[in-house]
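Only the coordinates and a few stated rules stand behind these numbers; no lab work does. This is a predicted model, so every value here is computed, not measured. Positions of Cβ are generated from backbone atoms using ideal geometry, with glycine treated the same way; all protein chains shown enter the neighbour counts.
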Amino acid sequence: MTNDSARPAKAAGPATLITVAPTGAESEKAAVPALPVTLDELVIAAKECRAAGAAVIHVHIRDADARPTLDLGRLTDTVFSLRESTDLIIQLSTGGAVTDPYEHRLAVLDARPDACSLTCGTVNFGDDVFMNPWGFIKELYAKTLEYGVVPEFELFDFGHIATLHRLLGEMGPPAGGHVHCDLVMGVPGGMPGDAATLVQAVSALPAGATWSATGIGRSTVPVILAALSAGGHLRVGMEDTVTFSRGRPVASNAELVERAATLATLAQRPPMSPEAARDLLGVPDHR
Ligand code: KMH
Ligand code: ZN
């Protein structure tokens with residue numbers, strides 16, 4: 001007979017890597033005043049989210065008019081400022097906005113981030129199309145290898161998982177040596193954000209890969225719960241939802257991270273530190 005109440009709480013599994021995606025390219029500042037769009041707002045959000053349990057920040061930036069941009073000078077300044085003010089892993093988006101040309105998306109790596117997103121296929125994206133043809137995927141992957149930038153494979157649909165297998169088969173393992181994926185679920189045009197789809201997608205991932213999941217809009221909370229149950233990691237943030245609960249706008253990115261951290265802790269898989277996340281993903285510390 002054991003007395004469980006006398007034992008200290010123990011994690012049931014590995015800690016949870018929480019990525020925050022604070023801005024995205026889709027929401028407008030005028031419609032979502034809490035969205036961080038200036039460098040100062042981004043740095044404040046990054047610090048708050050770090051304190052709330054985030055280990056990685058997935059970054060999209062805006063121009064002086066709060067429109068999405070891939071301006072290299074701004075990206076470089078952003079990497080510098082985030083590195084100076086936090087120990088978060090800095091993952092720049094190479095997806096940008098649906099209107100960004102491939103050359104600008106490739107040039108994102110010239111800002112020398114720790115990590116970047118790399119989407120493994122084209123997908124309908126609401127009324128738009130997010131274009132990621134095979135030739136572009138290969139070129140971007142080759143540049144991550146050349147620069148030693150650790151990619152996170154963004155998977156919006158099942159065909160993207162097949163393309164990830166093809167990419168690794170033809171071009172070998174990523175910088176850092178470890179495959180980490182993000183299942184982006186609930187985009188209108190991509191795979192739905194529900195538990196059955198998540199389990200099926202996870203079963204198709206390359207052996208040894210780790211993964212997080214992101215539920216867009218109202219699938220945010222169901223996807224968090226499904227991902228924790230299935231042993232995965234989490235991505236949350238105002239890129240993915242601007243509504244905290246029905247009729248209640250998100251007040252800050254930190255409250256989304258806090259909610260994810262609370263649920264992860266309840267699942268006995270508390271948030272992972274950036275240092276532990278660097279070990280997991282093979283991301284060197286450039287600070
Ligand atoms: N903004 C979407 C079109 C990424 O960051 O790599 C693409 C996106 C994916 O957000
Ligand atoms: Zn993004």
Radius, Kirkwood style, for the stretch 207-279 when every pair of distinct Cα atoms is counted (Å): 12.8 Å
Whole-angstrom gap from the stretch 58-73 to the stretch 127-200, using each part's C-alpha centre: 23 Å
Helix-only [θ]222 nm of the chain, DSSP H runs n ≥ 4, -39500 (n - 2.57) each, per residue, nearest 500: -11000 deg cm²/dmol
Integer Hz, Karplus 6.51/-1.76/1.60 couplings in order for the stretch 67-80, x for Gly and Pro: 8, x, 9, 10, 4, 5, x, 5, 5, 5, 4, 5, 4, 4
Extension gain from Trp134 to Thr210, taking 0.36 nm per residue of separation minus the Cα-Cα distance: 25.1 nm
Residues with amide H under 5 Å from that of Val179, placed H, sequence gap 5 or more: Thr210
Stokes-Einstein D (µm²/s) once Rh is taken as the Kirkwood radius of the stretch 29-181 over alpha-carbon pairs, at 4 °C in 1.567 mPa s: 81 µm²/s
Charge dipole magnitude, Cβ of K and R +1, D and E -1 - the stretch 43-161, Cα centre, debye nearest 20: 220 debye
Spin-label model distance (nm) - Gln200 vs Arg246, 7 Å beyond Cα toward Cβ: 2.7 nm
Per residue, the convex hull volume that the Cα atoms of the stretch 8-100 enclose (Å³): 122 Å³
The chain, relative contact order [Cα under 8 Å, separation at least 6], %: 24 percent
Dimensionless Rg/Rh of the chain - Kirkwood Rh, Rg from C-alpha atoms: 0.95
Ascending count of other beta-carbon atoms within 10 Å, so fewest first, for Ser203, Ser229: Ser203, Ser229
Antiparallel %, DSSP beta bridges [both residues in the chain], to 5: 20 percent
Dipole of the stretch 9-73, positive end: most advanced residue of Ile44, Ala15, Gly73 [Cβ charges, Cα centre]: Ala15
Segments 169-182, 116-129, 51-64 sorted - mean Cβ within 10 Å per residue, highest first: 51-64, 116-129, 169-182
Within the chain: Cβ-based charge dipole about Cα centre, in debye rounded to nearest 20 (Lys, Arg +1; Asp, Glu -1): 760 debye
